[in-house]
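> Quick one: this structure, given as structure tokens, is what I'll be asking you about.
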Amino acid sequence: MRTYVVTGAASGIGLATVKMIEANGDKAIGVDIKDCQVIADLSTRQGREEAVEMVTTLTDGLVDAVIANAGLGLSIAKTVSVNFFGAIEFIEGMRPALLKSKSPRVVATSSMASLMPNDSQLVDLMLASNEAKAVGRAQALVDQGGGAEGLIYGSTKRALSRWIRRECIKPEWAGAGIPVNAVGPGIVKTPMVSEMIATPESREYLAKVVPMPLNGYIEPEEVAALILWLASETNAHTTGQTIYIDGGSDAVIRGENIWT
Ligand SMILES: NC(=O)c1ccc[n+]([C@@H]2O[C@H](COP(=O)([O-])OP(=O)(O)OC[C@H]3O[C@@H](n4cnc5c(N)ncnc54)[C@H](O)[C@@H]3O)[C@@H](O)[C@H]2O)c1
């Protein structure tokens, strides 16, 4: 039996992942700001540390896979703290418990929004681990308005996917036998996007930003299944990847030749 820790486990993709883990006969520890075994606010350093401490206690210090999935879809500064710092600091905090596993794995939930326009200054500040300045930059985008705030979400996901690529090959991860990957979903039918897909007009607008020619919107269980493959013992050699599960958005947006 493997032990998985899932953040953002109270809803949507995280909840579907927890249910799938339990249906497989494995153990899931859920972390969320509400309705969960471990209640913690991943937007603050204190909350992240408390989450790591509680999970470590509940698992006797042995975790087989960390699934850093919690996120906000809002164009506000706090999204930087939850989506990027809440993911990477929780992952780093869980490393000692992962090292006790025979087959440790890390998976984060990025997004196809990692391919969207972003604010390079904000991305760089996140990758430099400067949370105060990154949050300040995001707030400046909010204050600027006129659509600038819309760059925040994609910037958090671009930074997360880049962090994974940068870190995965280091001795702490690859050297310790730990694959680190992300999933990059298109539009998934969860509470995060329920308003965005509520009317024909909103769906038409969304289709221009997130073109998904294959099979329409995605069920959370489908994303959970991909997360769980990346988090499984079977995955011994895939690392540093953001696997897009997006109905073809990546292929539409980036086109045929990404190997330049
Ligand atoms: N739904 C989509 O279309 C879609 C697409 C691409 C990526 N994603 C990503 O998938 C992940 C899961 O989102 P979802 O669609 O299941 O949305 P959701 O809103 O249903 O679930 C997100 C969960 O994160 C939790 N959370 C938010 N802030 C938190 C905090 N400060 N501390 C702890 N937990 C917190 C929420 O309470 C919630 O349970 C997110 O990272 C999101 O960015 C979603």
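> Enter the angle in degrees (range 0 to 90, nearest 10) between the Cα long axis of helix 220-230 and the first principal axis of the Cα atoms of the chain, meaning the one along which they spread out most.
With rounding to tens, the tilt is 50 degrees.
> Taking the Kirkwood radius as the inverse of the mean 1/r across Cα pairs, report the Rg/Rh of the stretch 66-163. Mind showing how you got there, number by number?
Details: Rg = 13.8 Å, Rh = 13.5 Å.
Computed over Cα atoms, the ratio is 1.02.
> Which angle between 0 and 90 degrees, to the nearest 10, do you get for helix 200-209 versus the longest principal axis of the chain when only C-alpha atoms count?
80 degrees
> For the stretch 180-260, what class follows from the C-alpha gyration tensor (a ≥ b ≥ c being the square roots of its eigenvalues): rounded when a/c is under 1.5, otherwise prolate if a/b is larger than b/c, else oblate? Show your work: numbers first, answer last.
Numbers: a/c = 3.07, a/b = 1.45, b/c = 2.11.
It comes out oblate by the Cα gyration axes.
> Further question: Which value, in Å to one decimal place, does the Kirkwood hydrodynamic radius take for the chain when every pair of different Cα atoms is included?
Numbers: mean 1/r = 0.0546 Å⁻¹.
With all distinct Cα pairs of the chain included, I get 18.3 Å.
> For K100, go through the aspartates and glutamates and keep the ones whose alpha-carbon is under 15 Å away, minus same-chain ones fewer than eight residues off.
D60, D64, E92, E172, E233
> Given the rule -39500 (n - 2.57) for each run of at least 4 DSSP H residues, summed and divided by the residues of the chain, what is its mean residue ellipticity at 222 nm, to the nearest 500 deg cm²/dmol? Let's see the in-between values first.
On the way: 10 runs with 104 residues, N = 260.
For the chain, the value works out to -12000 deg cm²/dmol.
> Modelling each spin label as a point 7 Å along the Cα-to-Cβ direction, I'd like the K19/M1 distance in nm, to one decimal.
For K19 paired with M1, the spin-label model returns 2.1 nm.
> I'd like to know which of I76, A40, V55 lies farthest towards the positive end of the charge dipole of the stretch 36-98, counting +1 on Cβ of Lys and Arg and -1 on Cβ of Asp and Glu.
Most positive-ward Cα: I76.
> Something else: Kindly express, to the nearest 10 degrees and within the range 0 to 90, the angle between helix 151-167's C-alpha long axis and the longest C-alpha principal axis of the chain.
On a 0 to 90 degree scale, this one is about 40.
> Can you give me the distance in nm between label points at K102 and R45, each placed 7 Å from the Cα along the Cα-to-Cβ direction?
3.8 nm
> So between E204 and H237, what do we pick up on full extension, going 0.36 nm a residue minus the alpha carbon distance? Numbers along the way, then the final one.
Working: separation 33, 0.36 × 33 = 11.88 nm, distance 3.92 nm.
Stretched out fully, the E204 to H237 stretch lengthens by 8.0 nm.
> Hey, another quick one. Estimate the FRET efficiency between D124 and E256 by the formula 1/(1 + (r/R0)^6), using the beta-carbon distance for r and 35 Å for R0, to the nearest 0.05. Mind dumping the intermediate values first?
On the way: r = 29 Å, r/R0 = 0.83.
Between D124 and E256 the formula returns 0.75.
> Rounded if a/c is under 1.5, else prolate if a/b beats b/c, else oblate: with a ≥ b ≥ c from the C-alpha gyration tensor eigenvalues square-rooted, which is the stretch 1-50?
Numbers: a/c = 2.98, a/b = 1.83, b/c = 1.63.
Taking the square roots of the gyration eigenvalues as a ≥ b ≥ c, the stretch 1-50 is prolate.
> Give the dimensionless ratio obtained when the Cα radius of gyration of the stretch 113-260 is divided by 2.2 N^0.38 Å.
Details: Rg = 16.8 Å, N = 148, 2.2 N^0.38 = 14.7 Å.
Normalised Cα radius of gyration, the stretch 113-260: 1.14.
> Right, another one. Taking the Cβ-Cβ separation of T57 and K34 as r and a Förster radius of 22 Å, what is the calculated FRET efficiency to the nearest 0.05?
Details: r = 20 Å, r/R0 = 0.92.
Using R0 = 22 Å, I get an efficiency of 0.60.
FYI, it's all coordinate maths here, none of it is from the lab. Not measured: the values here are computed from a predicted model. All Cβ positions, glycine included, derive from the backbone under ideal geometry; neighbour counts span all protein chains shown.
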